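**Q** Have a look at the structure that comes next, please.
The values are calculated or read from the model by the stated rules, or taken from the named source; none is laboratory data. What you see is a predicted model; the values in this text were computed from it and never measured. With ideal geometry, Cβ positions are generated from the backbone for all residues, glycine too; neighbour counts draw on all protein chains shown.
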Amino acid sequence: MTIKTILITGANSGFGKAVATAALNAGHQVIGTVRQEGSRKEFESLVPGRSKSFILDVSDFEAVEPMVKDISKACGPIDVLINNAGYGHEGILEESPLRELQRQFEVNVFGAVAMIKAVLPAMRLRRSGHIINITSMGGFITMPGISYYCGSKFAMEGISDALAKEVAPFGIKVTAVAPGSFRTDWAGRSMVRSDRAIADYDELFNPIRQARIEKSGKQNGDPAKLAQVLLRLTELENPPTHLLLGSDALHLVRERLTLFADELKRLEDLTVSTDITQKPA
């Protein structure tokens with residue numbers, strides 16, 4: 001195993017905390033971004049000297065690049081960026097204010113891209129580095145009531161895929177990791193919920209919201225096991241560009257892809273009918 005310097009956003013809870021703990025236990029130097037001074041001190045006490053923390057809100061775009069420069073100056077070159085900071089938004093689209101969509105993308109998409117842009121110049125010059133973006137099975141499938149969240153994760157899946165092609169010639173690797181349901185605070189304190197207002201949606205959505213609340217903390221996914229997988233990814237010579245984690249993610253995404261393939265076949269004639277030059281029968 002090669003000892004690395006790993007930068008993790010949102011490192012004081014959920015996946016970020018699990019990955020930071022595993023990486024420190026493996027001997028890596030870990031820099032975690034947090035949003036409060038108390039969280040910074042707590043993080044730096046984990047393994048004094050190897051666990052270092054900086055206060056950063058990834059949606060403060062102007063602060064990201066200077067902070068990454070400060071981190072590199074204090075801690076050395078960043079080998080791995082794990083874009084973990086983010087949150088879930090739950091709400092029927094018609095009921096959810098546009099400002100909540102904007103905020104969802106500011107954190108989950110624009111903040112992640114700002115971090116990527118800040119670490120890329122040094123990685124490109126060194127011709128090495130690994131960017132890991134934590135997305136979601138919600139970047140492949142959807143369900144009623146999380147349209148804003150799924151939109152942000154679909155965006156990060158696409159951005160990761162295109163980015164991987166752009167930076168591959170420089171020896172930089174990109175992996176979008178899409179977890180299913182894990183035992184984190186995603187559906188608890190980390191979720192923003194829009195108020196309900198339109199009774200027409202009650203029958204569809206109320207049971208979904210209630211089930212999500214009741215299942216919070218009882219999901220099948222283990223964050224500690226996810227952390228071990230992420231560390232394994234950083235050791236691979238050719239890591240995948242996309243990786244699902246969790247049996248529910250595998251089942252639901254496989255089901256969606258099968259339905260999509262069936263739909264492509266059913267509508268193939270309609271699909272190709274728009275070509276200027278028609279293929280011979």
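**Q** Could you check SER194 against (1) surrounded by 12 or more Cβ atoms within 10 Å (Cβ to Cβ); (2) touching a residue at least 24 places away in the same chain (Cβ under 8 Å); (3) farther than 26 Å from LEU101 by Cα and say which number it fails?
**A** (3)
**Q** For segment 11-55, enumerate the residues that are β-branched (Val, Ile, Thr) and part of a loop (DSSP other than H, G, I, E, B). Let's see the steps before the verdict.
**A** If we filter segment 11-55 for residues that are β-branched (Val, Ile, Thr), which is where we start, we get 19, 21, 30-31, 33-34, 47, 55.
Matches in segment 11-55: VAL47 only.
**Q** Among the helices (runs of 4 or more DSSP H) lying completely within segment 95-167, list those that include at least 2 residues that are touching a Pro at 6+ places or on another chain (Cβ under 9 Å).
**A** Working: elements: 98-105, 112-126, 147-167.
Once the helices (runs of 4 or more DSSP H) in segment 95-167 are filtered for at least 2 residues that are touching a Pro at 6+ places or on another chain (Cβ under 9 Å), what remains is 112-126.
**Q** Please return the ranges of helices (runs of 4 or more DSSP H) entirely within segment 187-281 where 1 or more residues are touching a Leu at 6+ places or on another chain (Cβ under 6 Å). Lay out the reasoning, then the answer.
**A** Details: elements: 202-215, 223-235, 247-266, 268-272.
Answer list for segment 187-281: 223-235, 247-266.
**Q** Out of SER96, SER128, SER136, report the one residue that is farther than 26 Å from GLY32 by Cβ, of a type in the set (Ser, Thr, Tyr) and in contact with a strand residue (DSSP E or B) (Cβ under 8 Å, 6 or more places away or on another chain). Spell out the reasoning first.
**A** Working: SER128 fails: farther than 26 Å from GLY32 by Cβ; SER136 fails: farther than 26 Å from GLY32 by Cβ.
Criteria check complete, one pass: SER96.
**Q** Output the qualifying pairs, or none if there are none: Cβ atoms under 7 angstrom, residues six or more apart or on different chains, first residue in segment 200-223 and over 17 Å from HIS89 (Cα atoms) and touching a residue at least 24 places away in the same chain (Cβ under 8 Å), second residue assigned to a helix (DSSP H, G or I) and of a type in the set (Asp, Glu).
**A** From residues that are over 17 Å from HIS89 (Cα atoms) and touching a residue at least 24 places away in the same chain (Cβ under 8 Å), the pairs are ASN220/ASP248.
**Q** How about segment 67-76: which of its residues are over 10 Å from MET115 (Cα atoms) and surrounded by 11 or more Cβ atoms within 10 Å (Cβ to Cβ)?
**A** If we filter segment 67-76 for residues that are over 10 Å from MET115 (Cα atoms), which is where we start, we get 69-76.
Passing the criteria: LYS69, ASP70, ILE71, SER72, CYS75, GLY76.
**Q** Same structure again: Touching a Gly at 6+ places or on another chain (Cβ under 7 Å) and farther than 27 Å from GLU237 by Cα: does that describe GLY180?
**A** Details: touching a Gly at 6+ places or on another chain (Cβ under 7 Å): yes; farther than 27 Å from GLU237 by Cα: no.
No.
**Q** Next question. Looking at segment 214-226, is at least one residue more than 30 Å from MET1 (Cα to Cα), surrounded by fewer than 12 Cβ atoms within 10 Å (Cβ to Cβ), at pLDDT below 95 and among the basic types (Lys, Arg)? Can you show your working first?
**A** Restricting attention to segment 214-226, the residues satisfying the condition of being more than 30 Å from MET1 (Cα to Cα) are 214-219.
Among the residues that remain, those that are also surrounded by fewer than 12 Cβ atoms within 10 Å (Cβ to Cβ) are: 214, 217-218.
Checking which are at pLDDT below 95 leaves us with 214, 217-218.
If we keep only those that are among the basic types (Lys, Arg) as well, we get 218.
Yes; the residues of segment 214-226 include at least one that is more than 30 Å from MET1 (Cα to Cα), surrounded by fewer than 12 Cβ atoms within 10 Å (Cβ to Cβ), at pLDDT below 95 and among the basic types (Lys, Arg).
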